[in-house]
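Please read through the structure below; I'll follow up with questions.
The values are calculated or read from the model by the stated rules, or taken from the named source; none is laboratory data. Given the structure is predicted, the values throughout are model-derived calculations rather than measurements. Remember, those area values only see protein heavy atoms, side chains included, never the ligands or the DNA or RNA. Shrake-Rupley method; radii C 1.70, N 1.55, O 1.52, S 1.80 Å.
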Amino acid sequence: MEKTLHTVGPSAEDVITVIIEFLAELEERPAQEVRAALELAGAGLPVDSILIVEILTRIENHYGIDIPADAQAARATRSVSTFADAVLDAIHERQQS
């Protein structure tokens, strides 16, 4: 019988936490304050488009992934929640290869 190894990756909440920590670092604010502000702004946790470029680079380095620069990725970076989903997709694709 052949065994299959399953690699458990981060959860969506784990990725959101990392994104918020990077945002907090760039904004020089406590992560809890950034999270609270994002939550007040909307359910999807909208994020500033200028900051997302820096966050994207940090996330790719942190998780060892590449997120393609295409229309789908651009839509994904509109909020922390959708960005976290795109990061999880990239992590799962890396694990499959």
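Report the gain in length on full extension from Glu21 to Glu60: 0.36 nm times residue separation, minus Cα-Cα distance, nm rounded to one decimal. Write down the numbers at each step before the final one.
Values: separation 39, 0.36 × 39 = 14.04 nm, distance 1.46 nm.
Difference between extended and current length: 12.6 nm.
Could I ask something else about it? Kindly provide the helix-only [θ] at 222 nm of the chain, computed as the sum of -39,500 (n - 2.57) over DSSP H runs of four or more divided by all residues, to the nearest 500 deg cm²/dmol? Present the calculation step by step, with values, prior to reporting the outcome.
Numbers: 5 runs with 65 residues, N = 97.
-21000 deg cm²/dmol, from helical runs alone.
Now for a different question. Would you mind telling me the share, in percent, of accessible area of the chain contributed by carbon and sulfur at probe 1.4 angstrom?
Values: 3420 of 6420 Å².
Percent of accessible area from carbon and sulfur atoms in the chain: 53.
Next up: What is the P(r) of the chain, as percent of Cα-Cα pairs per 5 Å bin from 0?
2, 13, 25, 25, 16, 9, 5, 3, 2, 1, 0
Another question, then. For the range 57-66, just list the computed ³J(HN,Hα) in residue order, Karplus coefficients 6.51, -1.76 and 1.60, θ = phi - 60°, integers in Hz, with x standing in for Gly and Pro.
4, 5, 5, 4, 5, 4, 9, x, 10, 10
So with the 1.4 Å probe, I'd like the accessible area per residue for the chain, rounded to whole Å².
Working: 6420 Å² over 97 residues.
Computed with neighbouring chains in place, this is 66 Å² per residue.
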